[in-house]
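One structure, as structure tokens, below. Some questions next.
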There are 2 protein chains.
Amino acid sequence: MPTTANPVLAEIWRGDFLESQHRGSAVVATAAGEVVEAWGEPGRVILPRSACKIMQALPLVESGAADAEGLGAEQLALACASHQGAALHTGLARRWLARLGLTDADLRCGGHVPNDPEAAHDLYHRHAAPDQVHNNCSGKHCGFLTVTRHIGAGPEYVDPDHPVQRMVRQIFEELTGGPVAGFAIDGCSAPNFAVPLRGLATAMARFATPETSFSGSRARAARRLFDAVIAHPMLVAGEGRACTDLIRACRGRAAVKTGAEAVFTAILPERGLGIAIKIDDGNARGSQAAVAALLARYGALERDDPVYRALADAPIRNCRGIVHGHLRAAATLTGAQAA
Amino acid sequence: MPTTANPVLAEIWRGDFLESQHRGSAVVATAAGEVVEAWGEPGRVILPRSACKIMQALPLVESGAADAEGLGAEQLALACASHQGAALHTGLARRWLARLGLTDADLRCGGHVPNDPEAAHDLYHRHAAPDQVHNNCSGKHCGFLTVTRHIGAGPEYVDPDHPVQRMVRQIFEELTGGPVAGFAIDGCSAPNFAVPLRGLATAMARFATPETSFSGSRARAARRLFDAVIAHPMLVAGEGRACTDLIRACRGRAAVKTGAEAVFTAILPERGLGIAIKIDDGNARGSQAAVAALLARYGALERDDPVYRALADAPIRNCRGIVHGHLRAAATLTGAQAA
């Protein structure tokens, strides 16, 4: 009983066999909301998860809160991050909280064992539970707390009716070009607003063209956030992570952000375009291959770059180093552009 | 550009949104090769990966090698295992090698960091590389070495032309009811023979009915392997792992085995049936939900069992313990049987 489905965007081969495949949707859009290219369902409503963090960070700068607290590019990059809880990240988050006169207990993200191996093993060795700063979203939450303090709002900043979340919701509606389709609660307890994939790509295109897409204070805020992400790729994710590697490899031609369940967004200032991807099955292996392929397709990444190869055209080696398989982005993404 | 695809077998909901889904194929078959029920493509050729380990272990018992070396149910369970490299597993593998007069260096599986947290952290703490016994397949390889010694074959037992692998290939062809469609090299360097999903389900049904499906020595070997798996679920995988939990929860009504890239097999002796599942995208979250649903559908697992709930009907909690989503097997698997 076959059913219709989105196209295959990435494939896993083992020997001569197509072993697994990742279906999904992808949209490349302009700041005016025009779809330049699309695969699958550009109108599909998705939860962008962490791939929208730069939108959630916009009130931090636009409201003047970041300047009032003297925040620099490091904190802004961390506000846009899904970091892996290395000392680099947790130290910055702790100092940020201290600057606000707050502590780990003021966060509402909860803790989880960090992805950074050294930090994880340190906690295991000490039989210690992770702090909330270890949460990959703690920078975003420090940003929410900074806005909360700046506008004098109450401490439960992840409540969907909290003024900070209302600001985020309004930004979503203005940048994606339509009302949000509701929200769900994210892994870090913040509301995550549901939007069409096309709207998410449009919002990213607006970050790619802040001076023409936005008025003065928002234009400056969007530019500052983009510049902070580009300047501090290690703060946005961490060693060996796709976002960090891609931002470095694109050398200013793109900012990218992953989200849970295989969402990926990209901001391409040279082309004035935004990209949004959602792999149906939620596996980051697929969204990483797709975003690398689209970055190459739109001139932000070279196909002979080791980062491209690792994510979109990679031999798979086994425990003895034998190449037995291959991960590759689908030909529909890597082939010549129709337009 | 929608394309036709296999049906959705598992869904991930977040709030009111269907966030991700897993498509795939599943077959329930009799020992005669009759398809009782099927979803997707029963004829699809797949690499069964570790879900076929009980077939790869059959020569160990059938050849008399296991008896010649005095192996018991523990070693046979480990030969059928994808274990997580806890001391329980590596200790048994090391003693088995010593009994053969061999060492870790005689294995050809390569090493990988074990999934067992204590073993992994111990290696990290000692800055030590994993041994080959840590490989989740080391029990299978000890089995291969035991047969190799018994028949006086050479040491390169993972070579596809090695007598042991020829024995495995012949078993695949006899049990699945047709020629293999080739092979690929598995993560542990052993050849992994490609077969139609229906053939894999048929082979499992034959393990469910050894006395009527096989002649004397093979019948006894198949029964011994099934009994060993049922008797030692911790050796087959490990603490908190789906195979271990499902074998325990089925209380003798089924043996199950997972394979990489989201393959799952089940042997149901009470019904005389075999099950084989392949999720297209390779995510075990999908194959675990599907196998639990089919075990319940065929009376081997109760739907109110905590193991069923955890794998096929599970709330998803975030870092603060808030339920924000739900994993569930598709209604097409959990609904009433058509037959």
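Dipole magnitude of chain B about its Cα centre, charges +1 at Lys/Arg Cβ and -1 at Asp/Glu Cβ only, in debye to the nearest 20?
The calculated dipole for chain B is roughly 320 debye.
Give the B-A buried accessible area in Å², both sides summed, 1.4 Å probe, nearest 100.
So the total buried area for this chain pair works out to about 4300 Å².
Report, ordered by chain and residue number, the lysines lying within cross-link reach of residue B:278, taken as a straight Cα distance under 18 Å and ignoring same-chain residues fewer than 8 apart.
Here the lysines satisfying the reach criterion relative to residue B:278 are B:53, B:257.
Each residue of the range B:236-250 in order: what ³J(HN,Hα) in whole Hz does its phi give by Karplus 6.51 cos²θ - 1.76 cosθ + 1.60, θ = phi - 60°, with x for Gly and Pro?
Going residue by residue, I get 6, 8, x, 4, x, 8, 4, 4, 4, 5, 5, 4, 4, 5, 7 Hz, with x marking Gly and Pro.
Placing unit charges on C-beta atoms (Lys and Arg positive, Asp and Glu negative, everything else neutral), compute the dipole magnitude of the protein assembly as shown about its Cα centre in debye, rounded to 20.
Roughly 60 debye for the protein assembly as shown.
Using a simple charge model, +1 on the beta-carbon of Lys and Arg, -1 on the beta-carbon of Asp and Glu, nothing else, what dipole does the range A:1-151 show about its Cα centre, in debye to the nearest 20?
400
If amide H atoms are built 1.01 Å from N in the plane of the peptide, which residues on other chains or at least 5 residues away come under 5 Å of the amide H of residue B:325?
Here the answer is B:15, B:316, since their amide H atoms fall under 5 Å of that of residue B:325.
Sticking with this structure for a sec: Taking Cα centroids, how far is the range A:212-230 from the range B:32-102 in Å?
About 58 Å separates the Cα centre of the range A:212-230 from the one of the range B:32-102.
Compare the peptides A:149-157, B:74-82, A:309-317, B:137-145 by average per-residue count of other Cβ atoms within 10 angstrom and give them in order, highest first.
Those peptides, ordered most packed to least, come out B:137-145, B:74-82, A:309-317, A:149-157.
Round to a whole angstrom and tell me the spacing of the C-alpha centers of the range B:283-327 and the range B:247-272.
First find each Cα centre; the distance between them is then 15 Å.
Quick one: with label points 7 Å out along Cα→Cβ, list the inter-copy distances for residue A:309 in nm, shortest first?
In ascending order, 5.0 nm.
Further question: Starting at the first residue of the range B:319-335, write each ³J(HN,Hα) from the Karplus equation 6.51 cos²θ - 1.76 cosθ + 1.60 with θ = phi - 60°, in whole Hz, x for Gly and Pro.
5, 9, x, 6, 6, 10, x, 8, 9, 9, 5, 5, 4, 5, 9, 8, x
Helix-derived [θ] at 222 nm for chain B: sum -39500 (n - 2.57) over DSSP H runs of at least 4, divide by residue count, nearest 500?
Roughly -11500 deg cm²/dmol at 222 nm, from the helical runs in chain B.
Mind listing the lone cysteines of chain B, meaning no other Cys beta-carbon sits under 4.7 Å from theirs?
Result for chain B is B:52, B:80, B:142, B:243, B:250, B:319, no neighbouring Cys Cβ within the cutoff.
Here's something else I'd like to know. Using alpha-carbon pairs under 8 Å, 6+ residues apart, how would you state the relative contact order of chain B in percent?
It rounds to 23 percent for chain B.
Using a 1.4 Å probe on protein heavy atoms, which residues of the range A:117-156 have at least 50 Å² less accessible area in the complex than alone?
So the qualifying set is A:121, A:124.
Which whole-Hz ³J(HN,Hα) couplings does the range A:167-180 yield from phi under the Karplus relation 6.51 cos²θ - 1.76 cosθ + 1.60, θ = phi - 60°, glycine and proline marked x?
With coefficients 6.51, -1.76 and 1.60, one gets 4, 5, 4, 5, 4, 4, 5, 6, 7, 8, x, x, x, 5 Hz.
Right, another one. Skipping prolines and chain starts, which residues have an amide H placed within reach, meaning under 5 Å, of the one on residue B:23, given they are 5 or more residues away or on another chain?
Close amide H contacts, sequence-distant or interchain: B:9, B:280, B:281.
If you don't mind, another one. Helix B:284-297 against the longest principal axis of chain B: what's the angle in degrees, Cα atoms only, rounded to the nearest 10?
Taking Cα atoms only, the helix is inclined about 80 degrees.
The values are calculated or read from the model by the stated rules, or taken from the named source; none is laboratory data. Quantities reported herein were computed from a predicted structural model and do not represent experimental measurements. Cβ atoms come from the backbone with ideal geometry, glycine included; neighbour counts cover every protein chain shown. Side chains included, ligands, DNA and RNA excluded: accessible areas come from the protein's heavy atoms. Shrake-Rupley method; radii C 1.70, N 1.55, O 1.52, S 1.80 Å.
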